[in-house]
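Read through the structure below, which is laid out as structure tokens, and then see the notes.
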Amino acid sequence: MAGGQSDTIGVDEIHPGMRGYGLSVFRGEVPERFDVEVIDVLHGFQPNQDLILIRTPHPVLNQAITVGGMSGSPIYLDGRLAGAYAYGWPFGIEPVIGVTPIANMLTEGSRPTRDDAFPGATLLSTRAPTEARLHHASNRAIYDGGPIDPLALWRAEVESLGFRAPGSRESGRAVPAATPLMLGGFTDEAARMLDAELSPLGLDTAQAGGSGARPAAQRPARFVDGGAIGVSLMRGDMDATAIGTVTHVLGRRLVAFGHPMMNAGQVGLPTTTARVLHILRSQNRSFKIAEAQVPLGTLVHDRPSAIVVDSGLVAATLPLRIRIHGADDAPKTEWNVEIASQRMLTPVLALAALTNALSATASDRTDLSYRAVTRVDFSGRPSVQLEDSGVMHNGPVEGSALASIRLFRVLAAAYDNAFEDAQVQRAQLDVYLTYGHGLTDIVDASVASEEVDPGSVVPVRVTLRRYGEADTTRVVSVTIPRRAAGETLELSLRPGDEVTPDRAVPRSLDDVLGNISDAYPATSLVVSLKMPSRGLRFRGHVVTALPRSVLDTLTTSTNTGPSRPFVTYDRTAVPFGTALSGSATLRLSVRATPRQHP
Amino acid sequence: MTQPVNSNPAPRHGQSRLLSLVLASALLSVAFWLVLSRAQATSTQSFLLDDAASLSAGELDGAAVYSTGYVTAGLEARRIELPDAAVAFCMARLADGTTYIGTGDEGRIYRLRGDELSVFAETHQLLVSSLAVAPNGTLYAGTIPEGRVYAITPGGDIHELAQLEGAQHVWALAYDARRNLLFAGTGPEGRIFSIDAAGHAQTYYDSRAGHILSLALDTDGALYVGTSDDALVLRLRGPGRAEVVHDFPGNEITAIDVRAGQLAVVANDMPTPVVALTTTSSSSTTHATTPTRRTGKGSLFLVDAQGRTERIYHDDGAHFTAVELAEDGSVRLGVGKDGRVLSVNSDGSWATLLDLDERQVLALSLGGDDPVVLTGDSGAVYRVRRGAPERGLWTSKVLDAQFQARFGQVHWRGEGTLEVLTRTGNTEEPDDTWSDWSTPVTSPGPVHSPAARFVQIRARFTRDPNAVLRAMELFYLPRNQRAVITSVAAGRQHGPSKVAQADPPPSSRYDLSWNVRNPDEDSLRYRMRFRQESQTRFRDILREDEVLTADHYAWETESLPDGWYVIQVSLSDELSNDADDALSAQAQSEPFRVDNHAPTIPELGVRAGTLTARVVDSLGPVAGLELAIDGQAFRPLLPADGLLDQAEERVSIELAPRLRELPAGDHILALKARDAAGNSVVREIVVTWPPRGQQP
């Protein structure tokens, strides 16, 4: 069908009882017709958007009611394109569907993209629109390199954008027909994680295939009206593709879905042709089982009435290689995936990929120690290499342990910093596994006398416990600063990964990455002496132990800046070689003057 | 002293009047006017500024205020902005007047030569915290937070001379030309390093203090050291050899200057900054929720060559940041609050020389031909000029007349020719709604600024650089404020009760009272009138010669017919104001009942064993009926219709139930009737029971 306006029918021409047809792929790649009958037009369904109510009397659809993956299926009335199959009602028992009028979709389809949005045809910027970015910055701290949990970050962001968990949907509201997210090559654990995290966005995960090599396409890939389309969040050894239907092809561009995917505005997510294997009819939810075919195009607009795809652009993706060492008997120890580049999605998808790789390679429910070596290559800046270590008490399903691997902080910084667009070329994560309880617990600490001399070196006896072994004692030497004379100090001993060094306020992405790199190893014991002095953070600098008059001067002089006085610590990191847990705290009374020794 | 001073309403003129007032008011005004202020709250008052505290409470621009209570022309300061510098922290000067300025928070060094300001070097550290110049012109810069010392050639080439081991902060540098050594006082381990020209640094003295905050090198080579967080001044005699000059009160020796064996020492007692202990995440980093500052206390000491130590100045409300011994033996003092520079003499007398816009003066060099001062918050350098003032302005603080006021004469006491100006406005902070400064006057006279609540006075010393201002007084008359009656209430008094526990009988006296809002606390006179509710004409309660100033009155209503009445209370502040300015206000009460007369029982009789009566009240309704038999207690009785709701009620009761148990014979029945105001009447009747003819 040609794409002219005369081939469309306006809402004001539609009346109850009109009959027509829709196009969608029920199996394979070729769209098939299904009958439709207009019930009525629901005016003002959404801002500036009506909704056409139709019945879809069809042997399959009569049972399936609302089918995830059919979103976007073009609906024709009077031989003209009326809109896209888009909305259904939870728990509906008759095949009544809401159709997004084509006029709204075509408006989005002709919407321009910013000049700087997609540098080149290969790498897409993931930068949000300028206005949105400013708004974003005012509501949430741009990531500055501090400790984060990528899942917590993701959930906060999802909540802040107003997405709601599926269970909170109201049965009386029309909701977008769910977009099935076809997962291929994922373990149950990883699939559950993705389902939990992505379902608030309207993405319903479904186990499918699609990972690994595919047979070559028999003809040049292209999109057709009513054909299946996928949005690839991840592809390669693992595949996560959101499935929908093309509503209308407009030359290089097309509109699809009839509703938003994540309502993310201007984005750059890779798209693909898709093949439908089956429509699964279910009382819970019906959806198309499909798999990605040939990568083609980029989702450039994710808007309320449609997604818009530019088939002439190739989206930027993050190539991620994960290698698992220490599980040599596993059938597969190396995983290569391409992850969609998007500020919110990329870190959480990378975590899902790691969780999946580990649970597929070493699914043991046992104590597992790991050492993770991260390498992230950027365009135009030095690579970042980091090493983390930790322990999983219950195998790789313990996602919280993996979340502390700093790969995710680097990705968060690269995709969401206040300074510049960083082009990540590739990332690699080598995970070295050691089976067994590799954790050493800090049980207790003691000193010979709580009264100590300023300037003296105090031996602190640290009692340690390893699983299956007798308690051991290690002596850590702590130097008492002379300036602590006359003070009572709190001395604490904690694992390195539980202590954050005092960090300067970053001035650049380099500073952010530096903050991420500047961390105590989890295999070190950090001895902290809480000092009576105060410090200040500045852009690029952190100052500790300031004299009081200078603190007064500098605090006030930066009153409009980020400087805030903080309590300072004298810290020493003692390498231990194994990951630590637990903590111990002592109080030391420092004499005003050292004792006179004969 | 700055306070509104009431004066007699009669106008006063002339210097002698002012002088006498100054002398008298200093001793008597507080007590005297505390007594009179209520009675004469809106009479003529004045602002009197005649001591160091009141004269220095305003702004100085080319004027100086002295501790003995006078103002003269002073130093003038011209501000030169330091672009992008949050703080100008330290300076070093060459003999030709070139000034190097160490700044934060970008770690730049500026050079001020003549009026040419330029970035001389960049250290890329947070703060250039100390500077020193060698005789060959090499500039040395100590920095924080990495304890680095830089050497900069006169051409501006910079290189790192040394990073001092264990040091984060380099608070002070002193170049000893005799030994060709640079001394660096550091923190937080309290070490002094010596650094040679090649950058070899070694610990020269390792103190027990946290910080070496100040160094001063005397001409004889003695190196004086000030410490923190104790407050010691040490004299270093050689590597590792020190003697304590004095253990000062407080916790910081923030600045030292030395001249021929005499030391000027700034010792501060700085409070520990308040930090809200809110631990963030697992980082164990604890932050204050907002930057919180508490005021330090500053002391200035002089230590003579014999070691005699004397405190010559102290301020409980501010700490000091910089010190300089002048050739005349006085000490210049930079203040860490209000941007002031003081000159303090050895006898403790002082003068405020400069009053800058910034909060803190951080370094000063007022000797020589080209004095300069540095400030923090924000970073600026001031060129200071002596001699005949170009501006020479003393400006009072904003003076508050409490209410819109008309301003009268401005008088001053002093010597020489002063120009005096005023401006007025109605906002606490002067802004563009204020009047312009008035045309200057050179002799006491009327103020020409418009009426307003707030006023400032300015004295200009440009016409006569030798002029002296000793006292300034401005008279004003606050605009009379209207008092308002906010409520009027009336309540009946009760007479003494003759029977224990009984309700006191109603009185014909009514307590009238009212509440008043009296913003200027004028003395108020009240007048009262009344009318019946149904009438329109008020009648006076008081005669015109009866002056009521209390906010209550006992009103006798015995002569009034019963009814509903309204009271109108009027107030006037004529007792405190001229008749033309006096203001009045009035308010009415809610209608209230005046009922001084009891009901009557015009009919009372017994017929056919039934007691009948008619009870009438003038205002009504009848509120209660009671019956007592033979002197027993009264018991309630209902009227014939069962409801007490009319001014006239009838009684009809059969006597048999009440009397059949009583002995046969005569009985006295007493009927009591009561109205709503509590007035009551009793009428009796003698009844023979059983009635004749029914007796057994």
message: If B:Thr254 satisfies all but one of (1) within 20 Å of B:Ala326 (Cα to Cα); (2) away from chain A (no Cβ under 13 Å), what's the number of the condition it fails?
response: (2)
task: Go through region B:569-582 and count every residue that is surrounded by 18 or more Cβ atoms within 10 Å (Cβ to Cβ) and either modelled with pLDDT of 90 or more or touching a Phe, Trp or Tyr at 6+ places or on another chain (Cβ under 6 Å) (or both).
output: 4
task: Quick one: which strands (runs of 3 or more DSSP E) lie wholly within region A:303-391 and hold at least 1 residues that are among the β-branched types (Val, Ile, Thr), under 30 Å from A:Ser110 (Cβ atoms) and touching a Gly at 6+ places or on another chain (Cβ under 7 Å)?
output: A:306-310
- prompt: Restricting the search to region A:481-495, which residues are at pLDDT 90 or above and either facing chain B (nearest Cβ under 8 Å) or closer than 25 Å to A:Asn417 by Cβ (or both)?
  reply: A:Ser492, A:Arg494
- prompt: Restricting attention to region A:515-524, which residues are in a loop (DSSP other than H, G, I, E, B) and in contact with a helix residue (DSSP H, G or I) (Cβ under 8 Å, 6 or more places away or on another chain)?
  reply: A:Ala519, A:Tyr520, A:Pro521, A:Ala522, A:Thr523
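The rows are residues; the columns are (1) in contact (Cβ under 8 Å) with a residue 24 or more places away in the chain; (2) outside the structural domain of B:Asp50 (by TED's automatic domain parsing); (3) part of a loop (DSSP other than H, G, I, E, B); (4) crowded, with 22+ Cβ neighbours inside 10 Å.
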position	(1), (2), (3), (4)
B:Val410	yes, no, no, yes
B:Arg413	yes, no, no, no
B:Val420	yes, no, no, yes
B:Asp431	no, no, yes, no
B:Val455	yes, no, no, yes
B:Ala459	yes, no, no, yes
B:Thr462	yes, no, yes, no
B:Arg470	yes, no, no, no
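Residue by residue, here is whether (1) more than 35 Å from the chain's Cα centre (by Cα); (2) in contact (Cβ under 8 Å) with a residue 12 or more places away in the chain; (3) assigned to a loop (DSSP other than H, G, I, E, B) holds:
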{"position": "B:Tyr553", "(1), (2), (3)": "yes, yes, no"}
{"position": "B:Val566", "(1), (2), (3)": "yes, yes, no"}
{"position": "B:Glu574", "(1), (2), (3)": "no, yes, yes"}
{"position": "B:Ala582", "(1), (2), (3)": "no, yes, yes"}
{"position": "B:Arg593", "(1), (2), (3)": "yes, yes, no"}
{"position": "B:His597", "(1), (2), (3)": "yes, yes, yes"}
{"position": "B:Ile601", "(1), (2), (3)": "yes, yes, no"}
{"position": "B:Leu604", "(1), (2), (3)": "yes, yes, no"}
{"position": "B:Val615", "(1), (2), (3)": "yes, yes, no"}
task: From A:Val38, A:Val11, A:Val25, grab the single residue that is in contact with a Pro (Cβ under 8 Å, 6 or more places away or on another chain), among the aliphatic types (A, V, I, L, M) and within 19 Å of A:Val249 (Cα to Cα).
output: A:Val25
- request: Take region B:156-193 and flag every residue that is closer than 17 Å to B:Leu131 by Cβ, more than 14 Å from chain A (Cβ to nearest Cβ) and not hydrophobic (A, V, I, L, M, F, W, C).
  value: B:Gly156, B:Asp157, B:His159, B:Glu160, B:Tyr175, B:Asp176
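It is to be established whether one or more residues within region A:355-367 are over 19 Å from the mean Cα position of the chain (by Cα) and closer than 27 Å to A:Pro295 by Cα.
Let us first name the residues in region A:355-367 that are over 19 Å from the mean Cα position of the chain (by Cα), namely A:360-367.
Now drop any that are not closer than 27 Å to A:Pro295 by Cα, which leaves A:360.
Yes: region A:355-367 contains one or more residues that are over 19 Å from the mean Cα position of the chain (by Cα) and closer than 27 Å to A:Pro295 by Cα.
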field: Failed item, numbered, when B:Gly69 is tested on (1) surrounded by fewer than 19 Cβ atoms within 10 Å (Cβ to Cβ); (2) closer than 20 Å to B:Arg383 by Cα; (3) touching a residue at least 40 places away in the same chain (Cβ under 8 Å)
entry: (2)
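How many of the residues making up region B:75-129 are part of a loop (DSSP other than H, G, I, E, B), within 14 Å of chain A (Cβ to nearest Cβ) and either buried (at least 24 other Cβ atoms within 10 Å of the Cβ) or free of Cβ contacts under 8 Å to residues at least 60 places away in the same chain (or both)? Before you say what the answer is, go through the steps one by one.
Quick first cut of region B:75-129, residues part of a loop (DSSP other than H, G, I, E, B) only: B:75, B:82-86, B:94-98, B:105-107, B:114-115, B:123-126.
Restricting the remaining residues to those that are within 14 Å of chain A (Cβ to nearest Cβ) gives B:82, B:84-86, B:105-107, B:123-126.
Now drop any that are not either buried (at least 24 other Cβ atoms within 10 Å of the Cβ) or free of Cβ contacts under 8 Å to residues at least 60 places away in the same chain (or both), which leaves B:84-86, B:105-107, B:123-126.
Total meeting the criteria: 10.
Being within 19 Å of B:Thr610 (Cα to Cα) and either touching a helix residue (DSSP H, G or I) at 6+ places or on another chain (Cβ under 9 Å) or touching a residue at least 12 places away in the same chain (Cβ under 8 Å) (or both) is the filter here, so list the residues in region B:661-680 that pass it.
Looking only at region B:661-680, we keep the residues that are within 19 Å of B:Thr610 (Cα to Cα), and these are B:661-673.
Hits for region B:661-680 are B:Leu662, B:Ala664, B:Gly665, B:Asp666, B:His667, B:Ile668, B:Leu669, B:Ala670, B:Leu671, B:Lys672, B:Ala673.
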query: Given the structure, is B:Gly307 in contact with a helix residue (DSSP H, G or I) (Cβ under 8 Å, 6 or more places away or on another chain), under 24 Å from B:Asp247 (Cβ atoms) and modelled with pLDDT under 95?
result: no
task: Could you figure out which of (1) facing chain B (nearest Cβ under 9 Å); (2) modelled with pLDDT of 90 or more isn't true of A:Asp502?
output: (2)
task: Can you tell me which residue among A:Ser305, A:Ser286 is small (Gly, Ala, Ser), touching a strand residue (DSSP E or B) at 6+ places or on another chain (Cβ under 8 Å), surrounded by 23 or more Cβ atoms within 10 Å (Cβ to Cβ) and more than 21 Å from A:Gln207 (Cα to Cα)?
output: A:Ser305
- line: Conditions (1) hydrophobic (A, V, I, L, M, F, W, C); (2) within 30 Å of A:Phe408 (Cα to Cα); (3) out of contact with any helix residue (DSSP H, G or I) (no Cβ under 6 Å at 6 or more places or on another chain) -> A:Val458 fails only (2)
- request: Please verify whether region A:448-460 includes one or more residues that are within 14 Å of chain B (Cβ to nearest Cβ), over 24 Å from the mean Cα position of the chain (by Cα) and of a type outside the set (Gly, Ala, Ser).
  value: yes
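State yes or no: is B:Ala677 surrounded by fewer than 18 Cβ atoms within 10 Å (Cβ to Cβ), on the phi < 0 side of the Ramachandran plot and either touching a Lys or Arg at 6+ places or on another chain (Cβ under 8 Å) or polar (S, T, N, Q) (or both)?
Spelling it out, it is not the case that B:Ala677 is surrounded by fewer than 18 Cβ atoms within 10 Å (Cβ to Cβ), on the phi < 0 side of the Ramachandran plot and either touching a Lys or Arg at 6+ places or on another chain (Cβ under 8 Å) or polar (S, T, N, Q) (or both).
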- prompt: Checking A:Arg80 against (1) crowded, with 21+ Cβ neighbours inside 10 Å; (2) in contact with a helix residue (DSSP H, G or I) (Cβ under 8 Å, 6 or more places away or on another chain); (3) in contact (Cβ under 8 Å) with a residue 60 or more places away in the chain, which test does it fail?
  reply: (1)
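In region A:265-302, what residues are of a type in the set (S, T, N, Q), assigned to a loop (DSSP other than H, G, I, E, B) and either modelled with pLDDT of 90 or more or farther than 15 Å from A:Ala208 by Cβ (or both)?
So in region A:265-302, the residues of a type in the set (S, T, N, Q) come out as A:266, A:271-273, A:282-284, A:286, A:293, A:298.
With assigned to a loop (DSSP other than H, G, I, E, B) added as a condition, the list becomes A:282-284.
A:Gln283, A:Asn284 - these are the residues of region A:265-302 that are of a type in the set (S, T, N, Q), assigned to a loop (DSSP other than H, G, I, E, B) and either modelled with pLDDT of 90 or more or farther than 15 Å from A:Ala208 by Cβ (or both).
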task: Read through the list (1) over 30 Å from B:Leu126 (Cα atoms); (2) of a type outside the set (Asp, Glu); (3) outside the structural domain of A:Asp364 (by TED's automatic domain parsing); (4) in a strand (DSSP E or B), then give the number of the only condition that A:Arg426 fails.
output: (3)
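I'd like to check which strands (runs of 3 or more DSSP E) are fully inside region A:525-598 and have at least 2 residues that are more than 11 Å from chain B (Cβ to nearest Cβ) and either on the phi > 0 side of the Ramachandran plot or at pLDDT below 90 (or both).
On the way: elements: A:541-546, A:566-575, A:580-582, A:584-590.
It comes to A:580-582.
Can you name the residue in region B:44-66 that is in a helix (DSSP H, G or I) and among the hydrophobic types (A, V, I, L, M, F, W, C) and, of all such residues, is surrounded by the most Cβ atoms within 10 Å (Cβ to Cβ)?
Here is the first cut: in region B:44-66, the ones in a helix (DSSP H, G or I) are B:52-55.
Next, from what is left, pick out any that are among the hydrophobic types (A, V, I, L, M, F, W, C): B:52-53, B:55.
Numbers: B:Ala52: 18, B:Ala53: 13, B:Leu55: 27.
It comes out as B:Leu55.
The values are calculated or read from the model by the stated rules, or taken from the named source; none is laboratory data. If you're wondering where the values come from, they're calculated on a predicted model, not measured in any experiment. As a convention, Cβ positions derive from the backbone with ideal geometry for all residues, glycine included, and neighbour counts pool all protein chains shown.
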